[in-house]
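Have a look at the structure below, then the notes.
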């Protein structure tokens with residue numbers, strides 16, 4: 001997303017896939033995720049994704065939940081769990097829309113955080129160019145991030161929402177105040 005809130009190619013691609021799945025699977029809601037991660041803008045990516053979906057796919061605003069507390073994939077899963085709980089949504093199946101290089105880690109994290117009470121699927125992903133040199137960096141980042149996730153939540157039981165949330169805000173550096181500036185800087189260089 002740029003300073004004006006225009007979505008990048010990857011974000012638009014994910015929004016397109018989410019809209020397609022919403023319609024094809026007759027889903028009840030779309031949850032868009034992401035904070036105001038840019039130093040030079042206060043626009044939240046979750047809000048910009050919601051606007052894009054409403055304008056491009058004519059999906060009613062009340063069917064799209066913008067969740068802006070999430071700062072990374074772990075937060076995406078935790079705040080999806082909390083949104084479902086806080087809004088008292090009746091949900092049985094959750095479709096995760098992400099990019100191909102990120103699919104495996106996203107699925108593992110969502111399945112751990114949300115537990116066995118939901119069917120969690122990721123049938124479609126945004127396809128990136130596998131020949132891009134920077135993609136290797138993304139795959140390396142995915143591996144490192146998964147290792148950090150496993151380490152952070154090692155003592156936590158799958159699906160235990162109270163302990164998962166308290167672990168997120170006490171141990172995860174993007175939520176306990178240690179590293180938010182790092183995510184801002186990393187995001188400035190990605191889509």
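The values are calculated or read from the model by the stated rules, or taken from the named source; none is laboratory data. Since this is a predicted model, take the numbers as computed values, not measurements. Virtual Cβ from ideal backbone geometry, glycine too; neighbours counted across all protein chains shown.
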Search result, residues across region 24-59 that are in contact with a helix residue (DSSP H, G or I) (Cβ under 8 Å, 6 or more places away or on another chain) and without any contact (Cβ under 8 Å) to a residue 12 or more places away in the chain = 54
request  = Specify the residue that is nearest to residue 34 (Cα to Cα); the eligible residues are those in region 146-188 that are at pLDDT below 90 and in contact with a helix residue (DSSP H, G or I) (Cβ under 7 Å, 6 or more places away or on another chain).
outcome  = 174
query = Across region 82-105, what is the total count of residues that are surrounded by 22 or more Cβ atoms within 10 Å (Cβ to Cβ), within 21 Å of residue 158 (Cα to Cα) and modelled with pLDDT of 95 or more?
reply = 1
task = State whether the residues of region 125-140 include one that is within 16 Å of the chain's Cα centre (by Cα) and either at pLDDT 95 or above or not in a helix (DSSP H, G or I) (or both).
result = yes
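Tell me which residues, restricted to region 64-98, are in a strand (DSSP E or B) and farther than 14 Å from residue 34 by Cβ.
The first filter runs over region 64-98 and keeps only residues in a strand (DSSP E or B), leaving 64-67, 93-95, 98.
The answer is 93, 94, 95.
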remark   = Out of (1) touching a helix residue (DSSP H, G or I) at 6+ places or on another chain (Cβ under 6 Å); (2) at pLDDT below 85; (3) in a helix (DSSP H, G or I), the one residue 109 does not meet is (2)
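Name the single residue, out of those in region 22-42 being buried (at least 19 other Cβ atoms within 10 Å of the Cβ) and farther than 14 Å from residue 57 by Cβ, that is modelled with the lowest pLDDT.
That would be 37.
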remark   = Checked region 45-59 for anything within 16 Å of the chain's Cα centre (by Cα) and more than 18 Å from residue 98 (Cβ to Cβ); matches are 47
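Looking at region 46-61, which of its residues are surrounded by fewer than 12 Cβ atoms within 10 Å (Cβ to Cβ) and not in a helix (DSSP H, G or I)? Reasoning before the result, please.
Step one: filter region 46-61 for residues surrounded by fewer than 12 Cβ atoms within 10 Å (Cβ to Cβ), giving 55, 58, 60-61.
58, 60 - these are the residues of region 46-61 that are surrounded by fewer than 12 Cβ atoms within 10 Å (Cβ to Cβ) and not in a helix (DSSP H, G or I).
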